[in-house]
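Values in this text are rule-based calculations from the coordinates and carry no lab data. Since this is a predicted model, take the numbers as computed values, not measurements.
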């Protein structure tokens with residue numbers, strides 16, 4: 001599994017645009033929202049957090065389709081299977097790589113979004129924590145959608161149809177956790193709910209992604 005992660009990290013480093021297009025879309029989305037809702041540059045805290053969450057989700061959707069697409073096309077997945085690498089190890093490695101190359105950049109540029117929206121440091125931190133805690137579920141479901149649709153070209157809209165119902169609970173508790181974190185910290189009930197959702201997503205999403213990968217390779 002480690003070899004797959006290192007290989008994918010090297011490929012991502014060679015093709016930097018592929019993993020920065022999501023953050024670029026995110027900043028563009030936030031900028032347009034601010035200009036449309038309040039040209040003065042300040043948004044109410046009640047809508048700032050949900051807007052950032054929605055921007056991150058749609059930006060992640062852009063990358064989910066490419067998780068396995070190239071590996072399907074160039075025969076890498078078949079070669080990994082022939083070498084004895086299990087499908088669960090493959091999807092787990094993809095999940096780790098996706099977190100490092102596609103999810104972490106959003107946390108890095110989150111202060112820029114906060115600056116555009118004139119948010120306080122405390123609110124930016126709360127949003128970042130809520131996103132980080134929700135990462136396992138978002139990535140597990142994203143890997144599942146990528147494995148299901150990896151052989152299809154231009155499947156971005158289908159990814160949204162597949163993953164949207166799955167991430168709605170994550171979105172609800174993730175946005176609710178923002179205000180709760182500012183009052184109660186990580187002890188808030190929303191974070192406990194997110195922990196449960198993460199466990200369910202990892203227990204269901206990764207094995208299902210492995211099964212989808214196997215079905216697509218047969």
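Points worth noting:
- Shape category assigned to the stretch 64-187 from the gyration tensor of Cα positions, a/c cut at 1.5: prolate
- Stretched out straight at 0.36 nm per residue, the stretch from residue 21 to residue 70 would grow longer than its current Cα-Cα span by 15.9 nm.
- Computed from the C-alpha gyration tensor, the three semi-axes of the ellipsoid equivalent to the stretch 7-123 are 36, 12, 11 Å, from longest to shortest.
- The chain, helix-only ellipticity at 222 nm - DSSP H runs n ≥ 4, -39,500 (n - 2.57), divided by all residues, nearest 500: -28500 deg cm²/dmol
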